[in-house]
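This report refers to the structure that appears directly beneath it.
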Amino acid sequence: MSSPDCGLTTRLPDDAMRVVLDQFHRDGFALIKGVLSAAECAFFRQRTDELSRDPSICPPGGDDRLFILRNAELYDRAFVELFLREPIYSLVQQILGPDCRFCAQNVIRNRPGAAISHWHVDDILEYPLPPEVPQWDPRTRLPVMWLSVQVALTDLLTTEVGPTEVVPGSQRSGRLPADKDPVFAGRGAEPVLCQAGDIYLFNHQVWHRGRPNQSQGTRYLMQLQYGRGDSIAWRLQAAPRTEELAGILAGAEPRLVEFMIGPPKYTSPGHFNRL
């Protein structure tokens with residue numbers, strides 16, 4: 001199946017970019033509308049379904065109930081090329097630095113009733129605080145070592161279809177969320193409602209969960225995960241150099257190859273391009 005025509009492919013104007021980045025640093029997430037076209041969303045849903053039935057990827061005979069397609073970058077260059085797609089790439093560079101690198105890529109397929117529905121932060125709590133300190137100063141932007149760009153491949157316009165829920169600003173809390181109904185600085189859970197083709201930048205330290213999918217359809221959400229790419233961020237050292245990925249990248253533009261498998265660089269604060 002060939003890749004379809006693209007949706008938005010240009011960098012955001014500086015003023016619009018500043019609004020997005022300010023929201024990301026304040027709330028822990030920021031929505032950008034209409035990045036992928038409807039045809040692209042259909043293409044990636046279909047490729048995900050095809051791969052989930054491939055016995056070389058999934059259990060013998062394939063499993064159409066597969067919840068997460070992991071390592072999507074190994075199976076089709078169309079998945080990989082999204083990492084350098086504008087306006088995504090320039091936004092991520094403003095947060096992580098110009099030498100940001102590939103971290104991971106997954107597609108989540110929530111069948112009816114399925115979700116990662118417990119409140120959590122991803123991996124570990126990176127900036128913990130003692131109980132007597134209520135939060136990090138909101139005037140301070142905590143370092144972001146890696147982040148996700150969530151790509152909605154289906155409409156997520158109501159809570160019934162299982163959108164991501166976040167507690168805005170909770171990346172500054174310095175603690176893990178409560179098991180139920182978490183609140184930070186007077187704000188509780190808010191759903192990230194969006195249409196297929198919309199994306200949202202996502203700080204993995206914000207309290208979040210996926211609401212259970214109570215609809216009759218399947219929720220598709222792709223995750224593009226980026227790391228700083230320097231020697232400090234040990235988790236973020238580009239993609240493993242496997243034969244499968246070498247085949248995917250054969251003949252690709254050098255910039256894409258460097259992004260996916262290039263060695264880490266030490267990035268000094270002066271290299272960051274601040275708007």
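Assuming a ≥ b ≥ c are the square roots of the Cα gyration tensor eigenvalues, decide whether the chain counts as rounded (a/c under 1.5), prolate (otherwise, with a/b larger than b/c) or oblate. Mind dumping the intermediate values first?
Details: a/c = 1.57, a/b = 1.15, b/c = 1.36.
In terms of gyration-tensor shape, oblate.
How about the stretch 101-199: which GluC sites (Glu not before Pro) there lie in a loop by DSSP and see at most 14 other Cβ atoms within 10 Å?
Working: sites: GLU126, GLU132, GLU160, GLU165; in loops: GLU126, GLU132.
Filter output for the stretch 101-199: GLU132.
Show me, for the stretch 146-156, the HN-Hα J-couplings you get by feeding each phi into the Karplus relation (A = 6.51, B = -1.76, C = 1.60, θ = phi - 60°), rounded to Hz, glycine and proline as x.
For the stretch 146-156, the Karplus-derived couplings read 7, 8, 10, 10, 8, 10, 6, 9, 9, 5, 10 Hz, x marking Gly and Pro.
Which residue, GLY34, GLY251, GLY113, has the most motion in a Gaussian network model of the chain that connects Cα atoms within less than 10 Å?
The residue with the greatest mean-square fluctuation here is GLY251.
Taking a ≥ b ≥ c as the square roots of the eigenvalues of the Cα gyration tensor of the stretch 1-150, is the shape rounded (a/c under 1.5), prolate (a/b larger than b/c) or oblate?
Cα axes put the stretch 1-150 in the oblate bin.
Under 5 Å between amide H atoms, partner at least 5 residues away or on a different chain: which partners does GLY28 have, H built in plane at 1.01 Å?
HN-HN under 5 Å from GLY28: GLY169.
Over the chain, calculate the relative contact order: mean separation of alpha carbon pairs under 8 Å at least 6 apart, over the residue count, as a percent.
That works out to 27 percent.
If each DSSP helix of 4+ residues adds -39,500 (n - 2.57) and the sum is divided by the residues in the chain, what number results at 222 nm, nearest 500 deg cm²/dmol?
For the chain, the value works out to -6000 deg cm²/dmol.
Sort 183-191, 38-46 by the packing proxy (mean of other Cβ within 10 Å over each peptide's residues), most packed first.
Numbers: 183-191: 14.2, 38-46: 18.0.
So the peptides 183-191, 38-46, ranked by packing, come out 38-46, 183-191.
Could you state the number of Å between the C-alpha centres of the stretch 1-50 and the stretch 110-149?
With the stretch 110-149 and the stretch 1-50 each reduced to a Cα centre, they are spaced 22 Å.
Residue by residue through the stretch 72-85, which ³J(HN,Hα) values in whole Hz follow from phi under the Karplus form 6.51 cos²θ - 1.76 cosθ + 1.60 (θ = phi - 60°), with glycine and proline marked x?
Here the 3J(HN,Hα) series is 4, 5, 7, 10, 6, 5, 4, 5, 5, 5, 4, 4, 9, 5 Hz.
Ranking request for peptides 207-214, 13-20, 51-58: highest mean number of other beta-carbon atoms within 10 Å first, then the rest in descending order.
Per-residue Cβ counts within 10 Å, averaged per peptide and sorted highest first, yield 207-214, 51-58, 13-20.
None of the figures in this text is laboratory data; all of them are computed from the coordinates on show. All figures in this text were calculated on a predicted structure; none of them were measured in a lab. All Cβ positions, even for glycine, are placed from backbone atoms using ideal geometry, and neighbour counts span all protein chains on display.
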